[in-house]
Amino acid sequence: MDALFAKKVQRQSHDKKISRACRHFRLYGWICCLGTLLPLLAIARQATVPLVSVHVKKTTLNQLIAHLQHQVDFEFIYTYQKEHPSKGRITINMDNVPLTTILDKALTGTRLEYILRGKVIIIREPLLPEPTSTDTTTKQITGYVHDENNQPIPFTSIWCSDGQRTHTDRNGFFSINTNPVSRLKFTCIGFYQLTLSADDKQLNDVRLRKLSEQMKEVVVNGYQQQQSWEITGALSKLRCTAASDGYYRLDQSLQGQVPGLAVSITSGAVGANPIARIRGATTLVGSREPVWVVDGVVREDWEFYEQGFDKGALQTSEMIALKARQSVIGNSILGLNPDDIASVTILKDAAATSIYGARAANGVIVVTTKKGKVGPPSITLRTEISIADKPSYRTMDRMNSAERVALSKEVLKDGTIYPDRRVPQVAYDGLWQRWANKEIDQAEYNREMEILEKNNTDWFNILFRNSISKNTYLNISGGGHRATYYASIGYMDEAGNAKGNDMKRISSLLKSTFRITNAIELGVQLNTSFRRVKGFYDGLNPYEYAYNTNRAIKPEEYYEASLGPQYRPADFSANTPLLHFNFLNELQHTGNTSKNDDINLSAWLKIRLGKHLLWESLFAPRFVNTYNRRWADEHSYAAALQRGADFDPANAGMKDIVNTDTLQMRSYTVRSTLQFSRPVGPTLQHSFSALAGAEIRSTAYRGILGGQPQEPFTGTRLFVDPEPEELLSARTFKQYNFLSVFGNASYAYRQKYIVSFNARTDASNRISASSPDRFNPVWSAGVRWNIKEENWLNKSKTIDQLAIRASWGYQGNTVPAIAPVLWLTNTTDPYTPGTIRIGGLPYQDLRWERTRALNVGIEIELLDGRIGCSFDYYNKRTKDALLKQPVPVEFGVAEAYINGAEIRNKGYEYSIFAKPVSTTDWTWNIQWVFNYNRNEVYHVRENASLKALLSGSGIVNGKPVGGIWSFRYAGLSAQDGQPNFYSLDVDPKTELLREGRPQHYLLYQGASEPTFTGGLTTNLRYKRWSLAASFSYQGGGYVRLNPLAQGGDGGYWRLPTPDRNVSKELNTRWKQPGDEKHTNVPAVTSFRILPPSYSIAPYFGDVSMLDKEGNLYRYTLYNYSDLRTVSAANLRCNNISLRCNLDDIVRQWTRHVTQITVTTGVNNAFLWANKQLKGQDPELGYMSATENTAILPRYRSYYFSVMLGF
């Protein structure tokens, strides 16, 4: 006892130190933010155009520009094709003068202009003819230059044919004096030039059209920047000019937006993660999620139990606890504020992803955050408020209290009896029992029955709310040539529509870039996130409770509940105590909270080694602390169940059930690259570029799972054996190390023909040191033909862009949970503490999962960008995929993992963009995205179990990863209304059922995940008003219908327990012979003998679906039959928004406010799906008749936001 007490004190002291260190680290982070921001503001105010020294005599302009490029890190663009009058005439002797002074002197007398935009200087000659009139009078012209969205275009160059020139100010306004007969040319980078006569009325309101996005876009893949015309791989890029309306996290906002990316939001709970798939699944047991990369650094997710861990070995209570953890933890980008995101690039094929090596076979999502720009300080403030709907019985086929009372009266009148030894005293059934036992008279019986019929408790209204969420965001950015900065802070208070489900998040981003010299650049970045999430205790789900609870029960009523451990449906057997339950009390006395502190640091150094070489080094550590606490105090039903008795203040029983997970993740990335880029040839027609680098990445997880001892129990314990006095915890430590060498090279000829090659090799400690597969070579090759650049097409006014590309590559993947060493674990289940078991056998021959991929794509834009389309076909094949293999029982586990399976993914995707209307006042954009994926598995050596096939997780040769298999329903029995099935009752095949190969008698219906997905987005603008809408659709997948009623422990069909609600379909159930001709709802069985006598378990050789007593009932087969399985195809309106841009109005009032945008809208506006679902969301899956889930529904939300710019 003394040793245990000392160990407990030591553990508590350790936890306090961790907590204190986290607080100090957070404080240090905020001090860093404030301490760095203030000097940056001062530096930015003093920043000027770079100073240069020039001593040249009678030199040419080209030679002068080459001389300047050695002193400044600017890109010079010039469009003239021959030497100008400046040839041999430029003589300058100046020291430490601004670059603009040199340019002004050099261009004097040449009629050339220069434009300074960031780090780009454009030098060009006027193309306008000389004025044809000798009229010397002038007039003043004023106007406003804007884009197609009525946004001002600052610093637009304006040239007049009489030699005058000017540019617009930062708000897009200009004024110039010119000849009345002259012509004005408007030019700006990224826009088509426009020429107007001086008397044109359009000069008051000049609209410039944007150039083709394909030709001018810069793509960031996390390691380098590339022009879109030189990319041979398949990728998609999204610009995030503002946060996704109404969404507080990036991953959810991507649904239906990107070709090749399928996003399913499987829960509406705050903190729950969506499922993302890029071009199907490439592993059977590892993570199928894409890799998230933020500003060039991979962000790893938290790990409790790896996906490769044999979850079938987990006890039910452990599995429910795992789901409770995952419902509040979130993923690696939950702390990333969408307002800080500048762009998102999705890398899909081998040519695009191979540079990331291991794990990139699942695809890569590259997030680039915003950064400071040269200019005065710019401030943006955005605030948003949203209100969410709550569930309602109007959309669900559930009985009200009067219908539920009528059902009980009817079945009791027919002589149907409960199979339970005792009937709980609740609702009508309890009332009837009291009347039958003559505890009350007929008058009291009638009075109480009338009350029950009118109760009609609206559990959804009681347990859910019209939640109000708030989001506030502030950023400041700016800088000069020597330093730029971007700093932001955001606060989000997101309230789920289920009471007790909330998240608060404080996020910040500080990014600074310092130009030490013209050749050296230093950057630092600090990204922090502190979030607190509240969820529900293990198995406690307000949605399932409201859906399945009798509405005749009053909200404040404590009743005898048919609940077992983790609130699972249970029977009232002889040894089960009748304990009293109240959901509101349970919410008050249980909890599930998560605290997450995530700090990401990065520093990079860029050194330009001459004109063509760039060396870059990056160091990025990450510190994450997570504390998860799941608790139930002595007043809770969970504690009562362990005591075996209701709470009694006079009996000093067990105090609290507390399970805490204290986890830390420490990771770092060190990377160094050398980039080369050089055009050669007389006309620079040949372009070579290359990159080589090395990277070290390490991620370590350590912590304590279930690390709190329970308080000693000193009172009377009923039905449960005393717990041993030991610490219920599992310590964990995992470290994953990667050493990588990578590189790429590309060649382009006149930007027409591009050839690229990428290679990378990874070494990992997950592979045995003696294995020949310790190093994993990854490579890809790609080609691109920009047809538009051909001489016979480049003058076409119809085709703006036309390109064909193809790639072939090879990738590798590791599953962190599978290792060449033995893995032992101990259970954290409070019901079976101290149990040590094998988590995984050692696998010395562990190899990489190898994926080879082919991609062919085409891109086209027509009619000045009015119509665009991209199409890709891909074929991926993964070999040596890990799968399970049975092993002898003396190994301590039933199955082990080996390499050997093959996964094939084929599909195509396309995106179509159109701008049907484009005028000064009106614009209308439409984009349609479609993805199709066919997934199949081969070389599976073991037959999937019956449970795996029915649950959608079974692996079968020639079928997709996760197919839906069902029993073939054959109608109801004419004798007793029980469901019949093919192979069992009709066309019986006894031997087939007993041989233990379920796929031989089950019906394959389709994939459990959608095979095709996509979306439609549209935006209609009229002057300052914009109306936008986005839709997503899914198809090809199947889902089970929710059960008509929850069964007992074994799922047998019986009179529902008095505290349970049921579907209205039970009113049409089988009642007498002949009903089977017009109904498919089974009869409610009267168990006059013990329920096991109805078990059909002896007919089946596969025992995976048997309950703990070894029984299997027809109602279980009914719930997993083709009758209860429907298409999950659906169309969802994700967002409808109305936006008003008031910039021009505000500019008339004040020059201090440069932007004001007001937006209102609705998310999850409506859903169209199969009518048989009756209010069930196909994206969320289905409920079980015998188990609980942690899934909460998604409902409509309304939002209003205001954005201000200063």
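The values are calculated or read from the model by the stated rules, or taken from the named source; none is laboratory data. Computed from a predicted model, the values in this text were never measured in an experiment. Because the Cβ atoms are built from the backbone with ideal geometry, glycine has one as well, and the counts that use them run over all protein chains shown.
The table below gives the values:
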item: Only listed residue being surrounded by 17 or more Cβ atoms within 10 Å (Cβ to Cβ), of a type outside the set (A, V, I, L, M, F, W, C), in the same structural domain as TRP965 (by TED's automatic domain parsing) and in a strand (DSSP E or B), chosen from ASN1080, ASN1019, ASN980; result: ASN980
item: Residue within region 482-492 that is in the same structural domain as ASP340 (by TED's automatic domain parsing), in a loop (DSSP other than H, G, I, E, B) and farther than 30 Å from ARG404 by Cα present; result: yes
item: Answer residue from region 1171-1181, given it is buried (at least 21 other Cβ atoms within 10 Å of the Cβ) and out of contact with any Pro (no Cβ under 7 Å at 6 or more places or on another chain) and is nearest to PHE460 (Cα to Cα) among those; result: GLN1176
item: Flag for LYS947 being part of a loop (DSSP other than H, G, I, E, B), closer than 22 Å to SER1127 by Cα and either under 30 Å from the mean Cα position of the chain (by Cα) or not acidic (Asp, Glu) (or both); result: no
item: Region 364-400, residues that are polar (S, T, N, Q) and under 19 Å from GLU544 (Cβ atoms); result: SER392, THR395, ASN400
item: Residue count, region 162-206 (criterion: within 23 Å of LEU1142 (Cα to Cα) and either touching a Pro at 6+ places or on another chain (Cβ under 6 Å) or not in a strand (DSSP E or B) (or both)); result: 8
item: For GLU560: the one exception among (1) of a type in the set (Asp, Glu); (2) surrounded by 17 or more Cβ atoms within 10 Å (Cβ to Cβ); (3) at pLDDT 90 or above; result: (3)
item: Hits in region 349-366 - residues which are within 17 Å of LEU854 (Cα to Cα) and within 16 Å of the chain's Cα centre (by Cα); result: ASN362, GLY363, VAL364
item: Which numbered condition ILE1145 fails, given (1) buried (at least 16 other Cβ atoms within 10 Å of the Cβ); (2) within 30 Å of ARG1021 (Cβ to Cβ); result: (1)
item: Top-ranked residue of region 169-182 - restricted to ones that are surrounded by 17 or more Cβ atoms within 10 Å (Cβ to Cβ) and at pLDDT 85 or above, ranked as farthest from the chain's Cα centre (by Cα); result: ILE176
item: Yes/no for SER594 being among the hydroxyl-bearing types (Ser, Thr, Tyr) and touching a helix residue (DSSP H, G or I) at 6+ places or on another chain (Cβ under 6 Å); result: yes
item: In region 333-366, the residues that are within 21 Å of SER740 (Cβ to Cβ) and surrounded by fewer than 22 Cβ atoms within 10 Å (Cβ to Cβ); result: THR345
item: Candidates LEU522, LEU587, filtered to the one that is in contact with a helix residue (DSSP H, G or I) (Cβ under 8 Å, 6 or more places away or on another chain), in contact (Cβ under 8 Å) with a residue 12 or more places away in the chain and assigned by TED's automatic domain parsing to the domain that holds THR660; result: LEU587
item: Single residue of region 677-729 satisfying the filter (among the hydrophobic types (A, V, I, L, M, F, W, C), out of contact with any strand residue (DSSP E or B) (no Cβ under 6 Å at 6 or more places or on another chain) and over 30 Å from VAL755 (Cα atoms)) that is modelled with the highest pLDDT; result: LEU728
item: Residues (within 17 Å of LEU238 (Cα to Cα) and either of a type in the set (Val, Ile, Thr) or in a helix (DSSP H, G or I) (or both)) located in region 354-366; result: VAL364, ILE365, VAL366
item: Matching option when the condition is surrounded by fewer than 21 Cβ atoms within 10 Å (Cβ to Cβ) and outside the structural domain of THR1085 (by TED's automatic domain parsing), among ALA896, ALA901, ALA974; result: ALA896
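Okay, residues lined up against (1) among the polar types (S, T, N, Q); (2) more than 19 Å from SER477 (Cα to Cα); (3) in contact with a Leu (Cβ under 9 Å, 6 or more places away or on another chain); (4) in a strand (DSSP E or B):
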residue	(1), (2), (3), (4)
LYS504	no, yes, no, yes
LEU510	no, no, yes, yes
THR517	yes, yes, no, no
GLN525	yes, no, yes, yes
ARG532	no, yes, no, yes
LEU540	no, yes, yes, no
GLU557	no, yes, no, no
